[in-house]
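The values are calculated or read from the model by the stated rules, or taken from the named source; none is laboratory data. Predicted model only: the values in this text are computed from it and were never measured. We place every Cβ from the backbone using ideal geometry, glycine too, and count neighbours over all the protein chains shown.
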Amino acid sequence: MRLFPTLTWVGVTTFVGVSIAAKHSSWASLDYWAVFLVLNSGIVCHGLLAHSANDYVDWNTGTDRNSPGLFSGGSRVIPEGYLAFDSMWNGMGVASLLGLILMALLYLRIGSQALLGGAIAVFAALFYSLPPLMLAYHPVVAEWLAVVPALVACGWLANVSASGGQPLEAGDWLPMFITALVLVGHLMFHHLSDIEADLTATPPKFTTPAYFAALKWDPRYVPASYWLLVVALSIFTRMYVLGIACTIATAISLSVNLSHRRLLAQIDQVLLLGISVAIIIEILY
């Protein structure tokens, strides 16, 4: 698994959900053991289950064999010789077992809400890559049927776990949705360096940026469009720090040279850190 993106995605999403719960009560009253279970469940689901499934399928179709792998192109455990191709199923099995244990403990803590959140996360982790759906191989649907629901579910589960099962108010969903959009923008930027490898896979991996490239459109517009949507929402929600951060991210996305892949990798890490800090600032203040 790629440690920094995994910890950042899961950590930020969990933090948003927990912070919303704290605003309705207090930080001292939250159930931190339940939050700990949610955080570790997210790491297992995103870092182990989803990556094992993704590595297996992407190596099988050929996209990871041709990817430069600087910051995308799977976790690189197969090409670097750490694990064999067939052992990815073992990775999925171990991740599933760990996930079941964590979900069982969370169920004992908060009840059936753990099952709903876990089901959404597992569906996204597996069918983002695995047949018959292979959502990652189809433009747009991967984001909206897997990534966004999983991120919102993670934030919601963190919220109800921290608050002891208190239902969310209508306005509480918007910060979690905006957080999901910000991270989807990062995922789209993440895909930019793999476009050539994705298009030569069998079947072609039509991530949304790759699909734009296949249509001779500029793939840099894809991450930029998600971040611009966040900018618009930030005006409505008065999340001005996040709006400024996503404006900068949009400008960077539109100006990068896709042939400079090593620079893309460095920019990717800086962007993820920057937008994550902006989210945390908005939620805290």
Checklist line | Count of residues meeting criterion [of a type in the set (S, T, Y) and either touching a Lys or Arg at 6+ places or on another chain (Cβ under 6 Å) or closer than 19 Å to F127 by Cβ (or both)] in the range 146-199 | finding: 1
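Given the structure, is A119 at pLDDT 95 or above, small (G, A, S) and within 29 Å of V270 (Cβ to Cβ)?
Criteria not met by A119.
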Next item on the list: Could you pull out the residue among S259, S193, S253 that is surrounded by 16 or more Cβ atoms within 10 Å (Cβ to Cβ), under 24 Å from D58 (Cβ atoms), modelled with pLDDT under 95 and polar (S, T, N, Q)?
Entry: S193
Next item on the list: Could you tell me which residue of the range 1-59 is nearest to M134 (Cα to Cα), considering only residues that are at pLDDT 95 or above, among the aromatic types (F, W, Y) and within 16 Å of the chain's Cα centre (by Cα)?
Entry: W9
Next item on the list: Note down all Cβ pairs under 6 Å where the first residue falls in the range 235-249 and is on the phi < 0 side of the Ramachandran plot, the second is assigned to a helix (DSSP H, G or I) and acidic (D, E), and they're at least six residues apart or on different chains.
Entry: M239/E282; V241/E282; L242/E282
Checklist line | Members of the range 225-254 found to be farther than 11 Å from V182 by Cα and among the aromatic types (F, W, Y), listed by number | finding: F236, Y240
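Residue-wise test of (1) hydroxyl-bearing (S, T, Y); (2) touching a residue at least 12 places away in the same chain (Cβ under 8 Å); (3) assigned to a helix (DSSP H, G or I).
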residue	(1), (2), (3)
W156	no, yes, yes
S161	yes, yes, yes
G165	no, yes, no
L168	no, yes, no
D172	no, yes, yes
I178	no, yes, yes
Item checked: Members of the range 205-241 found to be surrounded by 19 or more Cβ atoms within 10 Å (Cβ to Cβ), of a type in the set (S, T, N, Q) and farther than 21 Å from Y137 by Cβ, listed by number -> S234
Checklist line | Test for W156: is it farther than 19 Å from D55 by Cα, of a type in the set (A, V, I, L, M, F, W, C) and surrounded by fewer than 17 Cβ atoms within 10 Å (Cβ to Cβ) | finding: no
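Filter the range 62-87 down to residues that are part of a helix (DSSP H, G or I) and surrounded by fewer than 22 Cβ atoms within 10 Å (Cβ to Cβ) and give me whichever is modelled with the lowest pLDDT.
Per the criteria, the residue is F85.
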Next item on the list: Taking V140 as the residue in question, decide whether it is surrounded by fewer than 22 Cβ atoms within 10 Å (Cβ to Cβ), within 20 Å of A278 (Cα to Cα) and among the aliphatic types (A, V, I, L, M).
Entry: no
Item checked: Top-ranked residue of the range 26-46 - restricted to ones that are over 22 Å from S112 (Cβ atoms) and touching a residue at least 12 places away in the same chain (Cβ under 8 Å), ranked as surrounded by the fewest Cβ atoms within 10 Å (Cβ to Cβ) -> I43
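Looking at the range 164-178, is at least one residue surrounded by 18 or more Cβ atoms within 10 Å (Cβ to Cβ), of a type in the set (D, E, K, R) and at pLDDT below 95?
Narrowing the range 164-178 to residues surrounded by 18 or more Cβ atoms within 10 Å (Cβ to Cβ): 172, 175-176, 178.
Imposing the further condition that a residue be of a type in the set (D, E, K, R) reduces the set to 172.
Those still in the list that are at pLDDT below 95 too: 172.
Yes, the conditions are met somewhere in the range 164-178.
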